[in-house]
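See below for the structure under consideration.
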There are 2 protein chains.
Amino acid sequence: MPSALDPAIAARLKRDAAGLVAAVVQQHDTGEVLMVGWMDDEALHRTLTTGRATYWSRSRREYWVKGATSGNVQHVKSVALDCDGDALLVRVDQVGGACHTGDRTCFDAGELEVTAP
Amino acid sequence: MPSALDPAIAARLKRDAAGLVAAVVQQHDTGEVLMVGWMDDEALHRTLTTGRATYWSRSRREYWVKGATSGNVQHVKSVALDCDGDALLVRVDQVGGACHTGDRTCFDAGELEVTAP
C-alpha cells in the first residue's frame, strides 16, 4: 500500500532490504538516548502528522504507537533525517520508561566492557 | 571469517539479514547524537578492544575506523547493547565534526517538518 508520506521526504530515504530506516529516539531535554525503533514510510508519515512516535515492529509485523498499551507515550518534538538518508533522530518527551522492561532507556542494562589499553 | 568477539557478547546480538546491528553514536558529555553506523561482530570487537569506533561500511563493504582519513576520530568512552540486542549505544569523545559534510552531527541539515495538530 502506498504511503501518504510527503514524496519529497520519501525521495530522500535510503531504506534497508526490508524497507526500513533506523529511528534513534532521544529525550529532547536531557539528551538521553531512549531506544532505537524502525520506521517505514507510513510509520514516519504517522509520526510526523500525529505527533506520536509510531514504529514498524519487525517481530510482530505491524505498526505500533509507542505507549498505546503501556501509556508510556512519546510526544514528538522534532524529527531529523541524517546525511545519507538511512537514519532518523526523533526527539521526544517520553512519558515514563521507554523500555518494555520498565527501565528508563533500553540501554540501561546492557553495558559492555571496553578493554582498550 | 569468525570474529574474535567475546562469545558471551556475540550470543546476545540480534543481527539483521546482513549480519549487522545499528550503532548510535553519542557525544559522551553533551549528549549530542552524532551519527548512526553499522557494526558486525568484528567491528564491535575492534571498537571494544581498540577504543576507536570502527564500523562496517555497507556501501564500500569494508571496515572503517572513524577518522582514519579525516582525523576526526572517536575515542570510545562506553558501549551498551539494548534490551533486544539489535542496537548499540556508543558514547565517544568526537574530535572535530562527525559528519563527512563537515557538520558536527549527521542530523544537523536534515530537519523534517512535524505537522501534528
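Among residues of the range B:102-111 being assigned to a loop (DSSP other than H, G, I, E, B) and more than 14 Å from B:Gly37 (Cβ to Cβ), the one that is nearest to the other protein chains (Cβ to nearest Cβ) is B:Gly110.
Being within 15 Å of the chain's Cα centre (by Cα), surrounded by 14 or more Cβ atoms within 10 Å (Cβ to Cβ) and at pLDDT 95 or above: is that true of A:Leu81 here? In short, yes. Return yes when B:Arg52 is of a type outside the set (A, V, I, L, M, F, W, C), touching a Gly at 6+ places or on another chain (Cβ under 7 Å) and in contact (Cβ under 8 Å) with a residue 12 or more places away in the chain and no when it is not. Criteria not met by B:Arg52. Considering the range A:9-28, and only residues there that are more than 10 Å from chain B (Cβ to nearest Cβ) and at negative phi, the residue that is surrounded by the most Cβ atoms within 10 Å (Cβ to Cβ) turns out to be A:Leu13.
Is the range A:41-58 home to any residue that is within 21 Å of B:Leu81 (Cα to Cα) and of a type in the set (S, T, N, Q)? Scanning the range A:41-58, I find at least one residue that is within 21 Å of B:Leu81 (Cα to Cα) and of a type in the set (S, T, N, Q), so the answer is yes.
Test A:Val79 against the criterion of being β-branched (Val, Ile, Thr), free of Cβ contacts under 8 Å to residues at least 40 places away in the same chain and facing chain B (nearest Cβ under 8 Å), and give yes or no. Yes, satisfied.
Are any of the residues in the range B:90-108 farther than 29 Å from A:Leu5 by Cα, surrounded by 15 or more Cβ atoms within 10 Å (Cβ to Cβ) and acidic (Asp, Glu)? No: the range B:90-108 contains no residue that is farther than 29 Å from A:Leu5 by Cα, surrounded by 15 or more Cβ atoms within 10 Å (Cβ to Cβ) and acidic (Asp, Glu).
A quick yes/no check of all residues on (1) within 27 Å of B:Thr115 (Cα to Cα); (2) more than 8 Å from chain B (Cβ to nearest Cβ); (3) in contact with a Ser or Thr (Cβ under 8 Å, 6 or more places away or on another chain); (4) acidic (Asp, Glu):
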| position | (1), (2), (3), (4) |
| --- | --- |
| A:Thr49 | yes, no, yes, no |
| A:Gly67 | yes, yes, no, no |
| A:Gly71 | yes, yes, no, no |
| A:Gln74 | yes, yes, no, no |
| A:Val92 | yes, yes, no, no |
| A:Gly96 | yes, yes, yes, no |
| A:Cys99 | yes, no, yes, no |
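Where strands (runs of 3 or more DSSP E) fall wholly inside the range A:1-101, the ranges with 1 or more residues that are closer than 26 Å to B:Cys99 by Cβ are A:21-27, A:33-39, A:54-57, A:74-81, A:87-94. Assess whether B:Ala43 counts as being modelled with pLDDT of 95 or more, in contact with a Phe, Trp or Tyr (Cβ under 7 Å, 6 or more places away or on another chain), surrounded by 15 or more Cβ atoms within 10 Å (Cβ to Cβ) and small (Gly, Ala, Ser). It is true that B:Ala43 is modelled with pLDDT of 95 or more, in contact with a Phe, Trp or Tyr (Cβ under 7 Å, 6 or more places away or on another chain), surrounded by 15 or more Cβ atoms within 10 Å (Cβ to Cβ) and small (Gly, Ala, Ser). Just so you know, in the range A:58-71 the residues that are touching a residue at least 12 places away in the same chain (Cβ under 8 Å) and surrounded by fewer than 17 Cβ atoms within 10 Å (Cβ to Cβ) include one that is nearest to B:Ala17 (Cα to Cα), and it is A:Arg58.
The values are calculated or read from the model by the stated rules, or taken from the named source; none is laboratory data. Source: prediction; values computed, not measured. So basically every Cβ, Gly included, is an ideal-geometry build from the backbone, and we count neighbours across all protein chains shown.
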